Amino acid sequence: MTAQHGKAGRKRTIGRRPLLQAVAGLGLVGTASVVSAQQAQAAVPDGTYCLINEFSGKALDNLRSTTDATNVGQWAHWGGLPQRWLVSHEGDGLYQLIALYSGTWRALDNGSSNEDGASVIQWRGNGESQQRWQIVDVGGGYQKLICAYSGKALDNGSSTADGARTMQWTDHGGPQQRWRFVPIAGGSRTFTHPGLLHTQADFDRMVAKVQAGEQPWLGSWEKLTASPEAQLSWSPRPQPEVRRGAGTNENFMLLARDVHAAYQTALRWKISGDDRYADKSVEIMNAWSSTLENLGGDQHVALLAGINGYQFANAAEMMRGYPGFDLAGFQAMMLDKFYPRSNWFMLNHSDTCVTHYWANWELGNMATMVAIGALCDDWPIYEQGLEYFRHGAGNGSIGRAVWHLHSSSLGQWQESGRDQAHTIMGVGLMAALCEMAWNQGDDMYGWDGNRFLAGAEYVARYNNGHSVPYETYRWENGHNCDPQQQTVISTNQRGQLRPVWEMILGHYAGRRGLSTPNVAEMVARLRPESGAGGHASTYDQLGLGSLTFAR
């Protein structure tokens, strides 16, 4: 797939690739030379940064754009996704800077120009010299960025205004060309453990309710103890490669079932105190962390990393500190095998329009980022998932998932015109993200005036058999962002009962005391919630919420 832009009208190959040649052999189209590689060796470690201009004190900002050839500007520093740049050292002192807001792998680009004053833009990552920058330490905590194509410096144009475009200019070393790289971590964060879907207080409540024989906790516990995945006879089936996608010889269900077995046996241990179940959970997770080498397949590998990633992280969080559990090995697996797949998808969207993929695709990967970040005490990864929830450009962000408010209590879900199975799945994934964040002290449930509750109430109401209003949904699809629309709500799989609702009721009604009539009606139909089993779709959620989330 190719595209063209810029004065040279050059052909561009889409997709990130490493630098193939040394600086001396780049064969640059521009006429100016760049500073030596020795001058700019690894000036900045790979990572995610905000870039603050010395002249204006403002941050480099992609101005909330998700399209090619749009200007990169500056804005008052607030640290949100439009101001976050993934800095990647590609060798020979050259870096790419990727705009995290853009929703695809869009890089800081000089627009194929050799002229002073030419706008610096974002363009789909391609590995060419227009997107290669040398980062040179100029002292005082500042760096300058020199474009490999033109030899000119990134410059704020002597402006102090929000929204002012950035440009390139002959290197003069002034404050307009000096940038401070501020790591997104911005300091340390102490994570709560256990603190993903379940805290110690949650486990204490479960134990007390089951021992007292109270419903619905006991009923859900009985479903857990009857589950095939929760038995001591379960044998893990770790694979060097797990694949998902038609035509890829997919085997992801081996992982999915082992993930649920690890979670369910861990849960049985937490409630019963029987160490045999803890040993079984550890056996499963150690087997996978010592065997797995790759997540593969087609684009559906993003679903594998997203859905199974956050679930597996939750099992590990429950077994943290248990003798014999190789937590470090498991964390390495999550960071090296799962997170890169989720991160790549959230940045690249398989080279499609940022609104191409349905909400559930993004939400699974956002949940995995939050889960991995907390499990591994990695603040930037954790915050990457939350920041996309708050301000992301794609359909998993809260403003796009619950994209239209018919009233303060009914918000139309992004997939409602597609089918109800995926709609409910997305609601469950957003709930998981919100619950994990809540247990770390971050209230995504309440973001934007409880917007998620409005979406959950809308979906529950329709799937309980009641009428809801529907606004025509329009989006852009595919590699060329072709316009699409859905004019009516889908009746396909209406009324499906997925075990995702107890978590939502437990928070909004149980913790917050808010009115949730439609969610409550759905929970009454489901109680007691079961776990996975039978059809593959049942492994999309951990379930058992009447045991784990009822309050």
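The values are calculated or read from the model by the stated rules, or taken from the named source; none is laboratory data. Just so we're clear, the structure is a prediction, and the values are computed from it rather than from any experiment. Note that we place each Cβ from the backbone using ideal geometry, even for glycine, and neighbour counts take in every protein chain shown.
Among the conditions (1) assigned to a loop (DSSP other than H, G, I, E, B); (2) touching a residue at least 60 places away in the same chain (Cβ under 8 Å); (3) not hydrophobic (A, V, I, L, M, F, W, C), Tyr470 misses just one, which is (2). Of Glu521, Glu435, all but one fail to be over 28 Å from Glu383 (Cβ atoms), in a helix (DSSP H, G or I) and either of a type in the set (Asp, Glu) or not assigned by TED's automatic domain parsing to the domain that holds Tyr357 (or both); the exception is Glu521.
Would you confirm, using the coordinates I've provided, whether Ser537 is of a type in the set (Ser, Thr, Tyr), closer than 25 Å to Ala367 by Cβ and part of a loop (DSSP other than H, G, I, E, B)?
No; evaluated as a whole, the condition is false for this residue.
Is at least one residue of region 73-90 out of contact with any Ser or Thr (no Cβ under 8 Å at 6 or more places or on another chain), surrounded by fewer than 19 Cβ atoms within 10 Å (Cβ to Cβ) and hydroxyl-bearing (Ser, Thr, Tyr)? The answer is yes, given that some residue of region 73-90 is out of contact with any Ser or Thr (no Cβ under 8 Å at 6 or more places or on another chain), surrounded by fewer than 19 Cβ atoms within 10 Å (Cβ to Cβ) and hydroxyl-bearing (Ser, Thr, Tyr). When region 293-307 is limited to residues that are buried (at least 24 other Cβ atoms within 10 Å of the Cβ) and either touching a Lys or Arg at 6+ places or on another chain (Cβ under 9 Å) or without any contact (Cβ under 8 Å) to a residue 24 or more places away in the chain (or both), the one that is farthest from Met430 (Cα to Cα) turns out to be Val301. The number of residues in region 19-66 being at pLDDT below 85 and part of a loop (DSSP other than H, G, I, E, B) comes to 20. The sole residue among Ser119, Ser102, Ser150 that is small (Gly, Ala, Ser) and modelled with pLDDT under 95 is Ser102. For Asp443, the requirement of being within 27 Å of Val182 (Cα to Cα) and free of Cβ contacts under 8 Å to residues at least 24 places away in the same chain is met. Within region 117-134, residues that are in the same structural domain as Gly93 (by TED's automatic domain parsing) sit with their Cβ atoms under 8 Å from residues that are assigned to a helix (DSSP H, G or I), at 6+ positions apart or across chains, in these pairs: Gln122/Ser102; Trp123/Gln130; Trp123/Gln131; Arg124/Asp351; Gly125/Gln131; Gln134/Gln39; Gln134/Ala40. Close Cβ contacts (under 8 Å, 6 or more residues apart or on different chains) running from residues in region 325-338 that are touching a residue at least 24 places away in the same chain (Cβ under 8 Å) and among the aromatic types (Phe, Trp, Tyr) to residues that are surrounded by fewer than 21 Cβ atoms within 10 Å (Cβ to Cβ) and part of a helix (DSSP H, G or I) comprise Phe325/Asn286; Phe330/Asn286.
For region 171-190, which positions are modelled with pLDDT of 95 or more and surrounded by 13 or more Cβ atoms within 10 Å (Cβ to Cβ)? Asp171, Gly174, Pro175, Gln176, Gln177, Arg178, Trp179, Arg180, Phe181 - these are the residues of region 171-190 that are modelled with pLDDT of 95 or more and surrounded by 13 or more Cβ atoms within 10 Å (Cβ to Cβ).
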